[in-house]
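Peer 1: Starting off with a structure, shown below.
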Amino acid sequence: MPMSIPSDGPQPPAAVSAVGLRKSYGDKTVLDGIDLHIPSGSVFALLGPNGAGKTTTVKILSTLVTADGGQARVAGHDVATAPDGVRAAIGVTGQFSAVDGLITGEENMLLMADLHHLSRREGRRVTAELLERFDLTEAAKKPASTYSGGMKRRLDIAMTLVGNPRIIFLDEPTTGLDPRSRHNMWQIIRELVSDGVTVFLTTQYLDEADELADRIAVLNDGRIAAEGTAEQLKRLVPGGHIRLRFTDPAAYRNAASVLGVASRDDESLALQIPSDGSQRELRSILDWLDSVGIEADELTVHTPDLDDVFFALTGGSITPNQPKEEVR
């Protein structure tokens with residue numbers, strides 16, 4: 001059974017939900033009954049190894065492919081019976097840019113405005129506003145083929161926003177970008193959410209999910225292996241500990257003799273006590289230290305990171321700089 005850590009309190013209405021979602025290609029099962037509940041105005045990140053089904057999930061939820069089983073609703077519309085309602089409410093930015101390099105950035109935007117049936121006047125207004133918002137005004141008249149990777153990604157998202165979607169699917173939006181462009185993209189995503197937009201994010205960068213997502217699901221072998229906040233997921237795997245460091249060798253030796261459960265680092269005069277990092281356990285350990293008269297000069301809490309979580313749940317790791325191929 002997947003590990004799903006509930007949010008505190010009642011769940012708000014879902015922008016995206018799915019129950020028992022299934023999809024196969026031939027004898028290859030890509031999705032084997034996944035459940036999702038993504039609240040409005042939040043960032044949800046879907047992690048998984050190559051071929052786990054992340055892109056397939058996005059394609060089903062955005063009505064690009066049909067599921068073999070299960071149900072899904074996006075913006076209150078059933079993806080199978082009301083695809084037009086879903087499409088009117090969403091925007092999708094895929095792994096590969098939809099930008100046409102042969103025309104200018106402005107022309108790409110105006111073309112998207114035409115596809116959304118905006119009037120000529122409204123299309124120009126929206127185009128100008130979005131180009132300014134994404135810092136592309138100066139480059140607007142230049143062919144998109146001359147844009148950097150970060151500029152093309154910003155233009156891609158600007159084009160997605162022409163229809164004013166309330167739910168945006170970002171399928172690996174920062175793959176191949178340099179660190180500065182990645183951080184710029186993160187800020188754009190935060191601004192979208194502050195405007196009330198719901199973001200469904202797939203990513204191969206674990207730090208990206210850690211930085212942006214309200215909740216994270218790990219997809220493995222077609223199933224959700226675990227779901228929760230980043231901190232909740234980190235507490236699922238062993239390796240968490242509290243580190244006590246001392247400056248007085250005598251105090252260190254005394255503490256080491258009293259704390260039999262602690263591992264020692266004699267060179268650094270430090271002890272490590274196993275801990276899941278939770279507030280309740282930390283309080284318990286601090287009370288215990290007080291009761292036995294131990295006072296460290298430095299106390300730090302260490303929890304596993306998402307790399308550890310990913311490896312534990314999937315038996316593998318993501319190679320960030322390696323080009324990826326997804327099943328379908």
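What follows draws every value from the coordinates through simple rules; no lab data is involved. Since the structure is predicted, the reported quantities are computational estimates derived from the model, not experimental observations. We place every Cβ from the backbone using ideal geometry, glycine too, and count neighbours over all the protein chains shown.
Peer 1: Hey, what angle do you get for helix 120-133 against the long axis of the chain, alpha-carbon based, 0 to 90 degrees rounded to 10?
Peer 2: 30
Peer 1: While we're here: Would you mind calculating the relative contact order of the chain from Cα pairs under 8 angstrom and at least 6 residues apart, reporting the percent as a whole number?
Peer 2: Answer for the chain is 22 percent.
Peer 1: Sticking with this structure for a sec: Determine the shape class of segment 145-211: with a ≥ b ≥ c the square roots of the Cα gyration tensor eigenvalues, call it rounded for a/c under 1.5, and otherwise prolate if a/b is greater than b/c, oblate otherwise.
Peer 2: oblate
Peer 1: So, one more: Which residue, Ala139, Ala209, Ala230, has the most motion in a Gaussian network model of the chain that connects Cα atoms within less than 10 Å?
Peer 2: Answer for the Gaussian network model of the chain: Ala139.
Peer 1: Still on this structure, I have one more. Using +1 on the beta carbon of Lys and Arg, -1 on that of Asp and Glu, and nothing else charged, what's the dipole of the chain about the Cα centre, debye to 20?
Peer 2: 1120
Peer 1: Same structure again: With a cut-off of 8 Å between alpha carbons and a minimum separation of six or more residues, what is the relative contact order of segment 241-303 in percent?
Peer 2: Relative contact order for segment 241-303 comes out at 50 percent.
Peer 1: Another question about this same structure. Distance cut-off 23 Å, Cα to Cα: go down the list Lys23/Lys54; Lys152/Lys234; Lys23/Lys152; Lys28/Lys234 and report the pairs above it.
Peer 2: Lys152/Lys234; Lys23/Lys152; Lys28/Lys234
Peer 1: Ok, one more. Rounded to the nearest 500, what is the chain's calculated 222 nm mean residue ellipticity when only DSSP H runs of at least 4 contribute -39500 (n - 2.57) each, over all residues?
Peer 2: Roughly -10000 deg cm²/dmol at 222 nm, from the helical runs in the chain.
Peer 1: Can I ask one more? Among Ser24, Ser275, Ser257, which one shows the biggest mean-square fluctuation in a GNM of the chain, springs joining Cα atoms closer than 10 Å?
Peer 2: Ser257
Peer 1: Same structure again: For the chain, take every pair of Cα atoms, bin their distances at 10 Å starting from 0, and report each bin as a whole percent.
Peer 2: Over the chain, the share of Cα pairs per 10 Å bin runs 5, 22, 27, 20, 13, 8, 4, 1 percent.
Peer 1: Follow-up. Using DSSP to call loops (not H, G, I, E or B), can you name the GluC sites (Glu not before Pro) in segment 212-280 whose Cβ has at most 15 other Cβ atoms within 10 angstrom?
Peer 2: The qualifying sites are Glu267.
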